[in-house]
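Report on the following structure.
The values are calculated or read from the model by the stated rules, or taken from the named source; none is laboratory data. Predicted model only: the values in this text are computed from it and were never measured. As a convention, Cβ positions derive from the backbone with ideal geometry for all residues, glycine included, and neighbour counts pool all protein chains shown.
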Amino acid sequence: MIKLDQEPGTYLAKKAVNSGIQNALFADVRTVEDVKECVPSMKPEHQQAKVKLVSL
């Protein structure tokens, strides 16, 4: 598990998920807009197929 601050959180979440980390905790999420920004960052991008996969 990795705990991410709000500012670099989405960038670091993408890097973490793509490197194999399966759990992330976003700190300081306060609004619906913050959540809408965090959720898509947890979906890794598959390089070869160019499709987005949902992490389990």
- Query: Hey, any hits in the stretch 20-41 for a residue that's among the aromatic types (Phe, Trp, Tyr) and either loosely packed, with under 10 Cβ neighbours inside 10 Å or at pLDDT below 85 (or both)?
  - Reply: no
- Message: I need the full set of residues from the stretch 14-37 which are under 11 Å from Met1 (Cα atoms), under 11 Å from the mean Cα position of the chain (by Cα) and outside any strand (DSSP E or B), in order please.
- Response: Ala16, Val17, Ile21, Gln22, Asn23
